[in-house]
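First the structure, in the form of structure tokens, and then the observations on it.
Read the figures in this text as sums done on the coordinates, not as results from a lab. None of the values given here were measured: they were computed from a predicted structure. Here Cβ is always computed from backbone atoms with ideal geometry, including for glycine, and neighbour counts include all displayed protein chains.
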Amino acid sequence: MKTKILKQASLPDQLTEKLELLYDICEYDTLSAETFAALAKEFTVMITNGEAVVTRELIESLPSLEMIAVFGVGYDGVDTAAAADNHVAVSHTPGVLTDDVADLAVGLMLATSRQIVGAQKFIEAGGWKQGGFPWTRKVSGSRLGIIGMGRIGKAIAQRCEGFSMKISYSDRIEIPGVDYPWVEDICALAAQSDFLMVCTPGTSENKALIDGPVLKALGSDGVLINISRGSVVNEAALVEALTQGVIAGAGLDVFCDEPNVPVALLHHNNVVVTPHMASATWSTRTAMSQLVLDNVASWAENKTLVTPIPEMSQ
Ligand code: 8YV
């Protein structure tokens, strides 16, 4: 009998088609409460994405659930304590998206500082015929503070070496093998940075880690870049900081209530926003899809995971 899989969130069509050839897939959103209740005990696998929320209630309503495969590196939406309590294994897709996320982070840094989006709008509105675009701010040689020196933080640092940036970072601990100065206090890191990059996971401990005081420390010449999760930044404080000129600008790929972006963040040359697309290139989304398929296949074959979440590989 085919493994019965609950598809709990949206996935690329190509991945869904491949899964459908191999397994019996049910779309959570299309199931009525009665059908869900009738089928619940048959699901052994659930597949979700990096933005969806998988609650304890949902996990505990699936008595035969053995594994959850997350299409994404971030698995902050999954109640991992509930998964562990119920002996449910969780996989994610680390590594394959690192380059893309780091590329977009650097792109947002350049676009925000050099006001590339505003400059295009300026030409489109005929502004160039009246004169040149206002001068912007130099990136090369400036100071970069990275919050979260994991895979993605390191890949950003590697790219920014090419811009001769002075790099330092904050993390819970000093990361072995990383030579950049570790600054324990985030406010202190912000105060000594021109660009502050948020690369730390969207865990509950990191909720609103970047708040009013951190933005104040970043200062009126400082730019915030966030390619992690909207929850890591206090969005109301960020809106206020941008509106009041407390910081110089922001480049944001993630938001607190996606796809809703606060109106106050739109239509400003110093704020560049993208729709949570850091890993959304053809090759990376294909590699992420393959990793989901590999994890599900490995579980079906021998109850192991190719890329378990770190808590489960310890
Ligand atoms: C995806 C992500 O947007 O990997 C993550 O944590 O946020 C992204 O790669 C997401 O998982 C796709 O739904």
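Farthest towards the positive end of the charge dipole of the chain, among the residues Asn86, Leu209, Gln290, is the Cα of Leu209, using unit charges on the Cβ of Lys, Arg, Asp and Glu.
The label-point distance for Asp24 and Ala82, in a model that sets each label 7 Å from Cα toward Cβ, rounds to 2.4 nm. Separation of the stretch 33-72 from the stretch 188-235 is 33 Å, based on Cα centroids. Which of the listed residues, Leu265, Ile152, Ile173, is farthest toward the dipole's positive end in the stretch 98-273, when Lys, Arg count +1 and Asp, Glu count -1 at the beta-carbon? It is Leu265, whose Cα lies furthest towards the positive end.
Normalised by the number of residues in the stretch 190-314, the average gap of Cα pairs under 8 Å and 6 or more apart makes the relative contact order 19 percent.
Excluding same-chain pairs closer than 8 in sequence, count the lysine pairs in the chain whose Cα atoms lie under 24 Å apart. Value for the chain: 21.
How tilted is helix 13-22 with respect to the longest principal axis of the chain? Cα atoms for both, answer in degrees (0 to 90, nearest 10). The answer is roughly 20 degrees.
Tell me the Kirkwood hydrodynamic radius of the stretch 73-150 in angstroms, computed as one over the mean inverse distance between distinct C-alpha pairs.
Value: 16.7 Å, from the Cα pair sum.
Between Lys2 and Ala236, the C-beta separation translates, for a Förster distance of 41 Å, into a calculated FRET efficiency of about 0.30.
Residues whose amide H falls under 5 Å from that of Phe71, counting only those 5 or more places apart or on a different chain, are Thr48, Asn49, Gly50, with hydrogens built in the peptide plane. Extents of the chain, taken as max minus min of Cα coordinates on every principal axis and listed largest first, are 69, 47, 32 Å.
Please report how far the C-alpha centroid of the stretch 272-300 lies from that of the stretch 80-120, rounded to the nearest whole angstrom. Going from one Cα centre to the other spans 11 Å.
If R0 is taken as 41 Å, the Cβ-Cβ distance between Ser298 and Glu161 corresponds to a FRET efficiency of 0.70.
With viscosity 1.002 mPa s and temperature 20 °C, the Kirkwood radius over alpha carbon pairs of the stretch 1-139 converts through Stokes-Einstein to a diffusion coefficient of 118 µm²/s.
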